[in-house]
Structures are given as C-alpha cells and as structure tokens.
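**Student:** Structure provided below as structure tokens; questions to follow.
What follows draws every value from the coordinates through simple rules; no lab data is involved. Given the structure is predicted, the values throughout are model-derived calculations rather than measurements. Don't worry about glycine lacking a Cβ; one is built from the backbone with ideal geometry, like all the others, and counts go over all protein chains shown.
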Amino acid sequence: MKVLDWKSLLKADATNWLLEEENPSVRYFTLKDIQDKPGPDPEVQQAKRDIMQFGIVPNILHKQREPEYLKTYPKFYTNKYKGLVWQLIVLAEMGAEANSQ
C-alpha cells in the first residue's frame, strides 16, 4: 500500500508535535523533509545549529571525551550500541555535522 497522505492515517495532525524544540533533530527533519522548506531557510538553519547544541548529539559527543569511553575503542564495533561505530550511526541519523564547533 502506497501512502500518499501520511496525515490521513493519523487521528490528528502530528506536525506541531514534530516541530517542538525539545528534539532538534526531529524538528530539523520535519522542516526539511515534511514541510519541504529549503536548506537556506532561517528556521531550517537554526534547527540544524540546535542539533549540535541541545539534545542527544551533544550528550554523545561529551561522553566520547571521557576517559572511560576511550577505553572502549578496541571494541569499536563489537560493543553494540555503545561502541564508536554505533555512536557514529546515531550521530549521522540525528543530523550531526562533522565540522561543527
């Protein structure tokens, strides 16, 4: 079944919830991919900047600087969900930027 109008499958429009500022990644992708706002749009740009400042992305990056985390590098893949490879996957999915800071 091809979904042409995702809103018709919901009992209410979830757009306002997706645009809440508490999850900048969800807000960014909602603005860009659901509302089709262009990358240069100021609201999209602010949401993109917020990804690196609030929420899970800065938390992950902060934890990666801790000495305990550095000890996990030899298990970068096998340490499932906590190893470097898994963290990079999450960071990429959240819209983190490599050269931000």
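**Student:** Given Cα pairs under 8 Å that are at least 6 residues apart, what percent is the relative contact order of the range 48-101?
**Tutor:** Relative CO of the range 48-101 lands at 37 percent.
**Student:** Turning to a different aspect of this structure: Projecting each Cα onto the charge dipole of the chain (Lys/Arg +1, Asp/Glu -1 at the beta carbon, about the Cα centre), which of Thr78, Val44, Asn23 comes out farthest on the positive side?
**Tutor:** Working it through, the farthest residue towards the positive pole turns out to be Thr78.
**Student:** Also: Quick one: what does P(r) look like for the chain with 10 Å bins over all Cα pairs, in whole %?
**Tutor:** Calculated over all Cα pairs of the chain, the distribution is 14, 36, 28, 18, 4 percent.
**Student:** Step through the residues of the range 77-86 one at a time and calculate ³J(HN,Hα) from phi using the Karplus curve (6.51 cos²θ - 1.76 cosθ + 1.60, θ = phi - 60°), rounding each to whole Hz and writing x for Gly and Pro.
**Tutor:** Result, ordered by residue: 10, 6, 7, 4, 6, 10, x, 3, 4, 5 Hz.
**Student:** Another one. Could the peptides 11-19, 79-87 be put in order, highest first, of the mean number of other beta-carbon atoms found within 10 Å of their residues?
**Tutor:** Top of the packing list down: 79-87, 11-19.
**Student:** What is the range 8-101's relative contact order, in percent, from Cα pairs under 8 angstrom and six or more apart in sequence?
**Tutor:** Relative contact order of the range 8-101: 22 percent.
**Student:** Projected area of the range 55-101, taken from the Cα convex hull and averaged over every viewing direction, in nm²?
**Tutor:** 3.3
**Student:** Another one. How large is the charge dipole for the chain, taken about the Cα centre, if only the Cβ atoms of Lys, Arg (+1) and Asp, Glu (-1) carry charge, to the nearest 20 debye? Please report the intermediate quantities before stating the final value.
**Tutor:** On the way: 14 positive and 14 negative charges, 107 e Å.
Value, rounded to 20: 520 debye.
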